[in-house]
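Novice: Sharing a structure below in structure tokens format, with a few things to ask.
The values are calculated or read from the model by the stated rules, or taken from the named source; none is laboratory data. Because the structure is a prediction, the values reported are computed rather than measured. Cβ coordinates were reconstructed from backbone atoms using ideal geometry, including for glycine residues, and neighbour counts include every protein chain displayed.
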Amino acid sequence: MKKSLFLLCFLTSLFSVSAQDEIKTVVVDVAKNVSNSEIPAASEDSVVWKFPGVTGLNFSQTAFKNWAEGGQNSISLQAFVNLNANYKKGKVRWDNNLSAEYGTLYSAAYSRFTTRKSSDKLALSSKFGYQASKSWYYTVLADFKTQMDKGYDYGDGDTTRTMNSKFLAPGYLIASLGMDYIPSKYMSLYLSPVTGRFIFVRDTTLSEKYGVDAGEKCKVEAGAYMRVVNDFDIVKNVHLNSKLELFSAYETFGNVVVNWELLLAMKVTKYLNASVRTHVKYDDAVKNIVVDENGVEKQEGPKIQFMDVISVGFAYNF
């Protein structure tokens, strides 16, 4: 299963790299009626900061009254923000990103705990590079992921719940030194043989669930890391963003930690959009917890984790 998943991700990254060769940059001349004296010449050494971002709100409601086929009333709400601060001057480039989202769900089907968390993400990333050649950069990268609120496993009968996550339980930090291949603004391929992966679990009752020794709050692994990012318009008003991350610790080389996020966003109007998002994760150290018919928790081996979200809502780009 692990080899098949790794092969799928590897082939996907190769496809993403080759696909970029078919993307052409279109340059539009908007200064036909303006004399050259009115436009100052751009210097390659001039400082350029860009702050693109998007924020929005997705909402859905289902209501039934005298509905013969049955059904349960429910309301879901999700807020998100994605902020970037990108700098480029000469041979230096520095890319920073903050991504956060939080969703909640209310359903009349739940007899207890009627409001539950449906999504929760907090991610920070910073990548500093110095140009080595036309498309290659010497790069230092730091990437941090966690969640903001407590998460729970709910027992049968909807009468009990067990906490399975909280802020910094777990938290993941990648710190690495490597080379970044950036052939165009649409993609980058980062490779690092020198990477440290830190797993934080500030609540020691959850340590073993996330691969940290019992009673400990942190685990450090040294290994190799790869990240492939693709970000481009498939057609007008249809945007694709894919980020695939692979990490393998040298101590257990061959056991690959996979994190693959894919977002397909479709712009309906200036502020209305629809999106499909998927998230695939696999980590040998993360144990799967199940609750049997007697309400007793049992620990099973690691499994492929999958999430998909289809949403329609309001978004504002800046």
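Novice: If you take the residues in region 163-198 that are surrounded by 14 or more Cβ atoms within 10 Å (Cβ to Cβ) and of a type in the set (S, T, N, Q), which one is nearest to residue 244 (Cα to Cα)?
Specialist: 188
Novice: Hey, can you tell me all the residues within region 164-203 that are closer than 27 Å to residue 232 by Cβ and among the charged types (D, E, K, R)?
Specialist: Matches in region 164-203: 180, 185.
Novice: Consider residue 222 carefully, then state whether it is among the aliphatic types (A, V, I, L, M), exposed (fewer than 14 other Cβ atoms within 10 Å of the Cβ) and at pLDDT 95 or above.
Specialist: For residue 222, the condition - among the aliphatic types (A, V, I, L, M), exposed (fewer than 14 other Cβ atoms within 10 Å of the Cβ) and at pLDDT 95 or above - is met.
Novice: Looking only at region 172-230, which residues are within 21 Å of residue 254 (Cβ to Cβ) and among the charged types (D, E, K, R)?
Specialist: Within region 172-230, 197, 219, 221, 227 qualify.
Novice: Please indicate, with yes or no, whether at least one residue in region 240-253 is part of a strand (DSSP E or B), more than 23 Å from the chain's Cα centre (by Cα) and surrounded by 12 or more Cβ atoms within 10 Å (Cβ to Cβ).
Specialist: no
Novice: Turning to a different aspect of this structure: Considering each residue of region 58-95, count those that are touching a residue at least 40 places away in the same chain (Cβ under 8 Å) and assigned to a strand (DSSP E or B), and give that number.
Specialist: Counting residues in region 58-95 that are touching a residue at least 40 places away in the same chain (Cβ under 8 Å) and assigned to a strand (DSSP E or B) gives 9.
Novice: Has region 110-129 got at least one residue that is buried (at least 17 other Cβ atoms within 10 Å of the Cβ) and touching a Gly at 6+ places or on another chain (Cβ under 7 Å)?
Specialist: Yes, region 110-129 contains at least one residue that is buried (at least 17 other Cβ atoms within 10 Å of the Cβ) and touching a Gly at 6+ places or on another chain (Cβ under 7 Å).
Novice: Could you list, ordered by first residue, the pairs with Cβ atoms under 9 Å in which the first is in region 204-215 and surrounded by 19 or more Cβ atoms within 10 Å (Cβ to Cβ) and the second is in a helix (DSSP H, G or I) and among the aliphatic types (A, V, I, L, M), at least 6 apart or interchain?
Specialist: From region 204-215, the pairs are 212/206.
Novice: Step by step: first the residues of region 166-185, then only those that are at pLDDT 95 or above and in a loop (DSSP other than H, G, I, E, B), then the one that is nearest to residue 147 (Cα to Cα). Which residue is that?
Specialist: 167
Novice: Filter region 133-168 down to the residues that are out of contact with any helix residue (DSSP H, G or I) (no Cβ under 8 Å at 6 or more places or on another chain), of a type in the set (Gly, Ala, Ser) and under 23 Å from residue 259 (Cα atoms) and list them by number.
Specialist: Hits for region 133-168 are 142, 151.
Novice: So how many residues does region 96-111 have that are part of a strand (DSSP E or B) and in contact (Cβ under 8 Å) with a residue 24 or more places away in the chain?
Specialist: Going through region 96-111 one residue at a time, the tally reaches 11.
Novice: Quick check on region 216-238: of everything there that is outside any strand (DSSP E or B) and closer than 28 Å to residue 82 by Cβ, which residue is farthest from the chain's Cα centre (by Cα)?
Specialist: This residue is 236.
Novice: Kindly list the number of the only condition in (1) among the small types (Gly, Ala, Ser); (2) more than 28 Å from residue 134 (Cβ to Cβ); (3) over 20 Å from the mean Cα position of the chain (by Cα) that fails for residue 171.
Specialist: The one condition residue 171 does not meet is (3).
Novice: Something else: Would you pick out the residues in region 266-285 that are at pLDDT 90 or above, surrounded by 13 or more Cβ atoms within 10 Å (Cβ to Cβ) and assigned to a loop (DSSP other than H, G, I, E, B)?
Specialist: Across region 266-285, the qualifying residues are 283, 284.
Novice: Could you list, in sequence order, all residues of region 221-280 that are touching an Asp or Glu at 6+ places or on another chain (Cβ under 9 Å), among the charged types (D, E, K, R) and over 17 Å from residue 143 (Cα atoms)?
Specialist: Correct list: 251, 277.
Novice: Sticking with this one: Taking the condition of being over 16 Å from the mean Cα position of the chain (by Cα) and among the polar types (S, T, N, Q), how many residues in region 79-95 meet it?
Specialist: Looking only at that region, the number is 1.
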